Amino acid sequence: MSHENVELVFSDAERLPEAFRKSKKGSIYLTPYRMIFLTKGKDPLQSFMMPFYLLKACEVKQLVLGANYINGMISAEPGGKTPNIRAMRQ
């Protein structure tokens, strides 16, 4: 499954590398094992893969008067930093 016009936002971005500091627009692909986000245009962050087993505190919100979104925390690797993420379909 895939969706276009998705926005990816990293919370607590001031402690992350520069490529993660602004919201990103692009497409998201859902597989049985992971979410894959691909940015539009030329961006330092070209793609971001989120395996489901590393996604914690996951919430799926389906709002009546707003964009649906998935909110959670992803760990890049064991012992790594844990940024908060939000993927939003507009």
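Read the figures in this text as sums done on the coordinates, not as results from a lab. None of the values given here were measured: they were computed from a predicted structure. Virtual Cβ from ideal backbone geometry, glycine too; neighbours counted across all protein chains shown.
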**OP:** Give the long-range amide H neighbours of Asn5: residues separated by 5 or more places, or on another chain, with amide H under 5 Å away, using H modelled in the peptide plane at 1.01 Å from N.
**Re:** Gly26
Subject >> Average silhouette area of segment 4-69, convex hull of alpha-carbon atoms, in square nanometres >> reply: 5.3
Original post:
Peptides 62-70, 23-31: what's the order by average Cβ count within 10 Å, highest mean first?
Top reply: 23-31, 62-70
**OP:** May I ask you to evaluate 6.51 cos²θ - 1.76 cosθ + 1.60, the Karplus curve with θ = phi - 60°, for each residue of segment 26-40 and list the ³J(HN,Hα) values in order in whole Hz, giving x for glycine and proline?
**Re:** x, 10, 10, 10, 10, 10, x, 10, 7, 10, 10, 10, 10, 7, 7
**OP:** With θ set to phi - 60°, apply the Karplus curve 6.51 cos²θ - 1.76 cosθ + 1.60 along segment 16-24 and write out the HN-Hα couplings as whole Hz, x wherever there is a Gly or Pro.
**Re:** 9, x, 3, 4, 9, 7, 10, 5, 10
Original post:
How much length, in nm to one decimal, is gained on full extension between Ser75 and Phe52, taken as 0.36 nm per residue of separation minus their Cα-Cα distance?
Top reply: 7.2 nm
Original post:
If the cut-off is a Cα-Cα distance under 18 Å, which aspartates and glutamates reach Lys25, setting aside same-chain residues fewer than 8 apart in sequence?
Top reply: Glu4, Glu7, Asp43
